[in-house]
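Notes follow the structure.
No value in this document is a laboratory result; all are computed from the given coordinates. Values in this document were obtained by computation on a predicted structure and should not be read as measured data. Note that we place each Cβ from the backbone using ideal geometry, even for glycine, and neighbour counts take in every protein chain shown.
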Amino acid sequence: MNLQKHFTEVNDFRVEGRCLHELSDILIIVLLGTLTDCSDFSEIEDYAKDIEEF
C-alpha cells in the first residue's frame, strides 16, 4: 500500500500558489504524528520540524 499515492488523490481546495506544502505531505505528517502519540496540532508541528531534516 502506497499512502502517498492515496493521499495525492485527495482533492485540495486550497488557493493554488498560496500553499507552502503539498496537501498529501501534510496528511502524511498528521498521520505519522498521530501514530507517534502526538495529542494535538502543536505536537504534530513539533514532530514535523523534528523529522524535516530526516
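Of note:
- Among the residues making up region 28-54, those that are surrounded by 13 or more Cβ atoms within 10 Å (Cβ to Cβ) and of a type in the set (A, V, I, L, M, F, W, C) are Ile28, Ile29, Val30, Leu31, Leu32, Cys38, Ile44, Ala48.
- Region 7-22, subset surrounded by 12 or more Cβ atoms within 10 Å (Cβ to Cβ) and of a type outside the set (A, V, I, L, M, F, W, C), residue nearest to Tyr47 (Cα to Cα): Glu22
- Selection from region 1-32 of residues that are among the polar types (S, T, N, Q), within 24 Å of Lys49 (Cβ to Cβ) and without any contact (Cβ under 8 Å) to a residue 24 or more places away in the chain: Thr8, Ser24
- Filter result for Asp25 (exposed (fewer than 13 other Cβ atoms within 10 Å of the Cβ) and not in a loop (DSSP other than H, G, I, E, B)): no
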